Amino acid sequence: MSHESLLSQTVLNLKESATLKMSQMARELKAKGHDVISLSIGEPDFDTPSFINDAAKQALDDGYTHYTPVPGLLELREAICTKLKRDNNLSFEPKNIVVSNGAKQTIYNLCQALLNPGDEVIIFTPYWVSYIEIVKLAGGVPICLNAGVERDYKVNPQDVAAAITNKTKFVLYSSPSNPTGSVYTKKELEALANVIAPHEHVHVVSDEIYEHIVFDGVHESIAQFENIRPRTIVVNGMSKGFAMTGWRLGYMAAPEVVAKACTKIQGQVTSGASAFGQKAASIALLADPKVTQDMMRTFLGRREYVLGQLREIEGLKLSIPEGAFYIFPDCSDFFGKSYNGQVINDSNDLAASILNNVHLALVAGAAFGAPNCLRISYAASQEQLAEACKRLKDYFSKMV
Ligand code: PMP
Ligand code: GLU
């Protein structure tokens with residue numbers, strides 16, 4: 001039987017996650033003995049702070065080994081409400097919160113709960129790879145709004161206004177952004193709220209998973225604006241700020257009707273997230289914010305270093321990422337040039353050539369809807385970053 005007839009059209013149409021694919025390719029090359037540096041995956045290189053691990057161990061001993069309520073332990077949902085009030089001045093109740101197996105599942109639940117076939121989702125582009133595929137899995141139609149390096153990859157509110165139709169269900173973006181590191185300011189968010197608010201059928205899904213990695217000023221949420229607040233769904237999670245990627249814990253704060261719908265979906269698909277993980281997450285969220293601030297400062301030091309190195313490569317167009325742990329140079333000036341006799345036509349060629357020739361794994365911008373760019377994740381040690389920058393400078397210096 002050919003796989004074409006075995007597999008569903010859904011999975012045949014689905015694109016593999018480019019970030020996960022690239023980090024797997026890097027792992028495989030490493031396993032073959034190559035000296036590969038991977039700056040491909042968006043994952044803090046820190047281990048989870050030990051007090052969080054200790055809380056999980058204690059939770060195991062205390063019997064947190066059973067099913068939990070589908071939307072999460074009440075204790076964790078209360079901790080999330082406390083965090084949202086403390087950090088974002090947003091008032092939610094536990095009935096508004098759904099905890100899932102990672103923010104990825106949160107976004108999946110939301111798309112399944114909100115989209116009918118043909119519904120449109122306005123996605124700020126460059127976007128995080130999985131948005132498009134998750135929207136399509138639910139039958140939704142992604143409407144990509146592009147913003148280039150010259151505007152720090154931030155969309156123009158007028159373009160959002162022009163893209164809204166009677167089929168628009170919600171607007172989806174991350175700030176701080178994966179892949180660009182751009183952070184929308186309070187003023188910029190207010191301008192977005194003002195153009196979206198008059199369209200009462202349009203919601204906002206605000207992915208704030210990089211909230212704790214903001215270098216200048218504080219993180220702002222669009223949910224603070226009263227005109228859009230009742231129609232905003234805040235997505236967040238433990239992976240980035242707390243270095244808990246492998247724990248698989250994300251959450252949403254949403255209108256009750258949306259939270260209930262997502263709970264219904266999750267109840268048929270995965271049930272509640274792991275019990276002891278949830279217990280540890282509630283302790284992490286209520287802890288002294290210093291835990292996340294220390295990691296943020298380390299990321300800032302690395303950003304300064306890598307940006308400084310990249311500025312020495314003539315032809316790269318750089319924005320200054322104000323959050324997350326990514327740099328997203330526009331490399332289009334190099335397209336049409338060659339390396340080792342091979343013509344580089346786009347960012348897919350470029351990422352493949354860099355991996356094969358200097359054993360550095362980056363992700364091609366095409367996967368993020370930005371074919372001129374490359375994503376560099378600087379969540380790696382200083383030694384790795386120094387060697388990676390050396391290889392990159394060497395690579396570009398040999399392009400003719
Ligand atoms: N949103 C964004 C913007 C991301 O970069 C990621 C990837 N880490 C996620 C959501 C999903 O994170 P997780 O499933 O690990 O909570
Ligand atoms: N979100 C991270 C990234 O962009 C982790 C990998 C993934 O889930 O796609 O690299």
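Every test in (1) in contact (Cβ under 8 Å) with a residue 60 or more places away in the chain; (2) within 19 Å of PRO176 (Cβ to Cβ); (3) outside any helix (DSSP H, G or I) is passed by HIS66 save one, and that test is (2). Screening THR106 on (1) touching a Ser or Thr at 6+ places or on another chain (Cβ under 8 Å); (2) of a type in the set (S, T, N, Q); (3) more than 27 Å from SER271 (Cβ to Cβ) shows it passes everything except condition (3). Beta carbons closer than 7 Å, at least 6 apart along the sequence or on distinct chains, pair a first residue in segment 336-358 that is over 18 Å from MET25 (Cβ atoms) and at pLDDT 90 or above with a second that is in a loop (DSSP other than H, G, I, E, B) and among the aliphatic types (A, V, I, L, M) for LYS337/ILE344; LYS337/MET399; LYS337/VAL400; SER338/ILE344; SER338/MET399; SER338/VAL400; TYR339/MET399. Restricting to segment 32-63, name every residue that is within 22 Å of the chain's Cα centre (by Cα), among the hydroxyl-bearing types (Ser, Thr, Tyr) and not in a loop (DSSP other than H, G, I, E, B). Within segment 32-63, just SER38 meets the criteria. Scanning segment 6-31 for residues being in a helix (DSSP H, G or I) and either within 16 Å of ligand 2 (Cβ to nearest atom) or in contact with a strand residue (DSSP E or B) (Cβ under 6 Å, 6 or more places away or on another chain) (or both) gives a total of 10. Only one of these conditions is not met by ALA259: (1) within 20 Å of LEU74 (Cβ to Cβ); (2) within 18 Å of the chain's Cα centre (by Cα); (3) of a type in the set (Gly, Ala, Ser). Which number is it? Only one criterion is unmet by ALA259, namely (2). Residue count for segment 108-121 under the criterion of being assigned to a loop (DSSP other than H, G, I, E, B) and within 16 Å of the chain's Cα centre (by Cα): the result is 0.
Regarding segment 176-192, can at least one residue be identified that is within 22 Å of SER319 (Cα to Cα) and modelled with pLDDT under 95? The answer is no, given that none of the residues of segment 176-192 is within 22 Å of SER319 (Cα to Cα) and modelled with pLDDT under 95. Considering segment 122-237, the qualifying helices (runs of 4 or more DSSP H), each wholly inside and each with 3 or more residues that are within 16 Å of ligand 2 (Cβ to nearest atom), run over 129-137.
The condition (being more than 16 Å from ligand 1 (Cβ to nearest atom), part of a strand (DSSP E or B) and either modelled with pLDDT under 95 or closer than 20 Å to VAL36 by Cβ (or both)) is satisfied by just one residue among LEU392, LEU374: LEU374. Between a first residue in segment 100-117 that is over 14 Å from VAL234 (Cα atoms) and at pLDDT 95 or above and a second residue that is of a type in the set (Lys, Arg) and more than 8 Å from ligand 1 (Cβ to nearest atom), which pairs have beta carbons less than 7 Å apart while being 6 or more apart in sequence or on different chains? That search, which allows pairs on different chains as well, returns LEU114/LYS169; LEU115/LYS169.
Summed over segment 163-182, the residues that are within 30 Å of ILE327 (Cβ to Cβ) and surrounded by fewer than 24 Cβ atoms within 10 Å (Cβ to Cβ) give a count of 1. Within segment 127-144, being out of contact with any Phe, Trp or Tyr (no Cβ under 7 Å at 6 or more places or on another chain), within 10 Å of CYS111 (Cβ to Cβ) and hydrophobic (A, V, I, L, M, F, W, C) holds for VAL135, LEU137, ALA138. For segment 82-89, the condition of being touching a strand residue (DSSP E or B) at 6+ places or on another chain (Cβ under 7 Å) and either among the aliphatic types (A, V, I, L, M) or surrounded by fewer than 16 Cβ atoms within 10 Å (Cβ to Cβ) (or both) holds for at least one residue.
Restricting attention to segment 232-277, the residues that are surrounded by 22 or more Cβ atoms within 10 Å (Cβ to Cβ) and without any contact (Cβ under 8 Å) to a residue 40 or more places away in the chain add up to 1.
The values are calculated or read from the model by the stated rules, or taken from the named source; none is laboratory data. Owing to the predicted nature of the structure, the values given are computational and were not obtained by experimental measurement. Counting neighbours? That spans all protein chains shown, and the Cβs are built from the backbone with ideal geometry, glycine included.
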